[in-house]
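The values are calculated or read from the model by the stated rules, or taken from the named source; none is laboratory data. What you see is a predicted model; the values in this text were computed from it and never measured. Heads up, the Cβs are rebuilt from the backbone with ideal geometry, glycines too, and the neighbour counts pull from every protein chain shown. What goes into the accessible areas is simple: the full protein's heavy atoms, side chains included, and nothing from ligands, DNA or RNA. Shrake-Rupley method; radii C 1.70, N 1.55, O 1.52, S 1.80 Å.
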Amino acid sequence: MKKEFLDLGRQPIANKFLKEDEFNEEFFFDLKVVFDEDTKLVSLKEFVKPELMFNEDYVYHTSLSVPMVKHFKEIAEMLMKEFNPLTVMEIGSNDGAFLKNWPNDYTIGVEPCGNFAKVTEDMGYQTYSEFWTAELSEKIKNDGHVDFDLIYAANCICHIQDLDDCFSAIKNILSKKGIFVFEDPSLLRMLERGSYDQIYDEHAHIFSVTALDNILRKNGLILFGVDNLSVHGGSNRIYVRHANIPTDLIPDEFVRNNLQKEKEFGIDKFQIYEIFAERVEKSKEDLCKLLLELKESNKKVLSIGATSKSTTVFNYCGIDESLIECITDTTPDKQGMYSPGSHIPVVDRESVNLNDYDYVFLGAWNFKDVIVDKEKDFTENGGKFITHVPEVMIFS
Ligand code: DWN
């Protein structure tokens, strides 16, 4: 019952930045998107082997995005206050931005990228450097861990291809009255904003509350809370507990409101996805037209933020170094490398004078306010920004 609605063309591994001598062996796959009429889940048609994406070379460091460090501190404080868990596990613990807010004697991490698992081990948190599966949940139990009162995951569950296995693993290791809290990009926000660049290899699914409600129930779990967040261009934080265990954690009005809002938008109907696909095509036409016009009038353009999202945009729209001269990024592991597929040089922000450029494309449009604020000098000197969300536009 899966129906295809979007084809974003041949795409590389979104976070695999390359050296010049690696261009010839770069891996590409067909980035197509499907809607499941049964569960209402939106997923990639073809999944990429997890080991190709999440390995020792993974470059996304949560702690290098200052707003995200603050975000994880605040959520840890809130969860501690509201639920007071005695045992905590994070799935997809990256470089420990969330973990570090918890005492390390009863907190563990799960992180398949070995470089990051080592970072949190060195911080004193036992970290399983493996993919989250039902088998791993058994192994953790067999290692003598008691069931967890809090299981947390941010921008990770939507990376997991087999959701039934993922949720049954959660059920297996969640304490009787424990809660599972996870946050991922919101499908509704993506459809509203036309932010098709949320779609790339790592995002095996883009979740609606509607689809999660269906799939969690199927796996003996109940969604009892939803927070709408502004991070990562619009995310949902989902609160889950065991079904069939008496508790006072009953689905709140936010769950009902979110389900209602999604229904009114038509998230359960295929037609809404066909409309979205038309909007994506128009976005591509508009962005290509604008960048070609700027090139013809000898304007210089760079991009800020070598994001996974910009991998999708640049490869879908066929944007290369002739249209965007370089990308600046604060992540040392991306600097001195080339962007996946489009092979645009990635440089340190400090190595360029923005005033040598006429336009800045916002590859990290989700940090628009932070970047625009940081780069006031550029706009004061006549520079302009370009974004493609919600529509292709120039602003200063
Ligand atoms: O789920 C995922 C999210 C959390 O992170 C992953 N699948 C991969 C990754 O996606 P992304 O690369 O699209 O994430 P961000 O957080 O939008 O990336 C921002 C990038 O921009 C980072 O590389 C840091 C950089 N940056 C910058 O150069 N200047 C960020 C800011 C705020 C800046 O001022």
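Of the residues making up segment 341-395, those that are open to solvent by 70 Å² or more (accessible area, probe 1.4 Å) and under 18 Å from residue 330 (Cα atoms) are 350, 351, 353, 368, 369, 373, 374, 376. Selection of first residues in segment 149-170 that are β-branched (Val, Ile, Thr) and of second residues that are modelled with pLDDT of 95 or more and within 15 Å of the ligand (Cβ to nearest atom), restricted to Cβ pairs under 6 Å at least 6 apart or on distinct chains, gives the following pairs, ordered by first then second residue: 157/182; 157/184. The residue of segment 127-170 that is surrounded by the fewest Cβ atoms within 10 Å (Cβ to Cβ), among those that are of a type in the set (A, V, I, L, M) and either within 15 Å of the ligand (Cβ to nearest atom) or part of a loop (DSSP other than H, G, I, E, B) (or both), is 146. Taking segment 278-396 as the region of interest, the helices (runs of 4 or more DSSP H) fully inside it that hold 3 or more residues being in contact with a Pro (Cβ under 9 Å, 6 or more places away or on another chain) are 308-317.
Kindly indicate the residue of segment 228-255 that is of a type in the set (A, V, I, L, M, F, W, C) and in a strand (DSSP E or B) and also most open to solvent (accessible area, probe 1.4 Å) among those meeting that condition.
As a first pass, look at segment 228-255 and keep what is of a type in the set (A, V, I, L, M, F, W, C): 229, 231, 238, 240, 243, 245, 249-250, 254-255.
Applying the additional criterion that residues be in a strand (DSSP E or B) yields 229, 238, 240.
Numbers: 229: 33, 238: 4, 240: 0 Å².
Among those that are of a type in the set (A, V, I, L, M, F, W, C) and in a strand (DSSP E or B), it is 229.
The residue of segment 19-31 that is nearest to residue 59 (Cα to Cα), among those that are in contact (Cβ under 8 Å) with a residue 40 or more places away in the chain and surrounded by fewer than 18 Cβ atoms within 10 Å (Cβ to Cβ), is 19.
Pairing residues of segment 319-336 that are over 19 Å from residue 371 (Cβ atoms) with residues that are away from the ligand (no atom under 16 Å from the Cβ) and open to solvent by 10 Å² or more (accessible area, probe 1.4 Å), at Cβ distances under 7 Å and at least 6 apart in sequence or on separate chains, gives 320/343; 321/343; 322/295; 323/295. Of the residues making up segment 317-338, those that are buried (at least 23 other Cβ atoms within 10 Å of the Cβ) and under 18 Å from the mean Cα position of the chain (by Cα) are 329, 334. Every condition in (1) under 23 Å from residue 234 (Cα atoms); (2) away from the ligand (no atom under 12 Å from the Cβ); (3) not aromatic (Phe, Trp, Tyr) holds for residue 373 except the one numbered (2).
Could you please find all residues in segment 32-74 being of a type in the set (A, V, I, L, M), within 14 Å of the ligand (Cβ to nearest atom) and open to solvent by less than 20 Å² (accessible area, probe 1.4 Å)?
We begin by selecting, within segment 32-74, every residue of a type in the set (A, V, I, L, M); these are 33-34, 41-42, 44, 48, 52-53, 59, 64, 66, 68-69.
If we keep only those that are within 14 Å of the ligand (Cβ to nearest atom) as well, we get 44, 48, 52-53, 59, 64, 66, 68-69.
44, 48, 53, 59, 68 - these are the residues of segment 32-74 that are of a type in the set (A, V, I, L, M), within 14 Å of the ligand (Cβ to nearest atom) and open to solvent by less than 20 Å² (accessible area, probe 1.4 Å).
For every residue, the table says whether it meets (1) in a strand (DSSP E or B); (2) in contact with a Pro (Cβ under 6 Å, 6 or more places away or on another chain); (3) aliphatic (A, V, I, L, M).
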| residue | (1), (2), (3) |
| --- | --- |
| 86 | no, no, yes |
| 90 | yes, no, no |
| 95 | no, no, no |
| 120 | no, no, no |
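You will find that of 51, 46, the residue that is within 16 Å of residue 312 (Cα to Cα) and within 20 Å of the chain's Cα centre (by Cα) is 46 and no other. Among the residues of segment 206-227, is any open to solvent by 30 Å² or more (accessible area, probe 1.4 Å), away from the ligand (no atom under 16 Å from the Cβ), in contact with a helix residue (DSSP H, G or I) (Cβ under 8 Å, 6 or more places away or on another chain) and small (Gly, Ala, Ser)? Within segment 206-227, none of the residues are open to solvent by 30 Å² or more (accessible area, probe 1.4 Å), away from the ligand (no atom under 16 Å from the Cβ), in contact with a helix residue (DSSP H, G or I) (Cβ under 8 Å, 6 or more places away or on another chain) and small (Gly, Ala, Ser). If you take the residues in segment 317-332 that are out of contact with any strand residue (DSSP E or B) (no Cβ under 8 Å at 6 or more places or on another chain) and either farther than 10 Å from residue 306 by Cβ or at pLDDT 95 or above (or both), which one is farthest from the ligand (Cβ to nearest atom)? Ranking the candidates gives 322 first. Residue count for segment 201-242 under the criterion of being at pLDDT below 95 and among the hydrophobic types (A, V, I, L, M, F, W, C): the result is 1. The residues of segment 172-186 that are away from the ligand (no atom under 16 Å from the Cβ) and of a type in the set (Phe, Trp, Tyr) amount to a single one, 180.
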